[in-house]
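The values are calculated or read from the model by the stated rules, or taken from the named source; none is laboratory data. All figures in this text were calculated on a predicted structure; none of them were measured in a lab. Cβ sites come from the backbone with ideal geometry, for glycine too, and all protein chains shown count toward neighbours. These area figures cover heavy atoms from the full protein model, side chains too; ligands, DNA and RNA do not enter into them. Shrake-Rupley method; radii C 1.70, N 1.55, O 1.52, S 1.80 Å.
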Amino acid sequence: MTNRSKIYCFRASYEPTIGLDIHHLPDWLSVAVNWQGYRISTLPWIANVACLLGNLQVEDSSTGWKSYLESLGFQDVTPISCEDFYEDTLYC
């Protein structure tokens, strides 16, 4: 696995999912909920360490992270630009 330095941002459906426990997700993910569903971003400074320790194996791409999120139980995962992701907090 290469050194990660990019944050990936996603939206996912707020559909109830069997097996998804929003309160026990890995530390390398930041997850919030709003009217659009789940808002998920990767935290590369934590993911780098997890990869080095062998606790995380994921392809470092938007597609790789999308597949990983779906394996955790998120539904309708859609990559979005991080600019759009953080847009509502830019003016606070």
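Before moving on, here are some points about what is shown:
- For the chain: accessible area per residue (Å², 1.4 Å): 64
- Of all accessible heavy-atom area on the chain, the percent that carbon and sulfur account for (1.4 Å): 53
- About its Cα centre, the chain has a charge dipole of approximately 200 debye under the convention of +1 per Lys or Arg Cβ and -1 per Asp or Glu Cβ, with nothing else charged.
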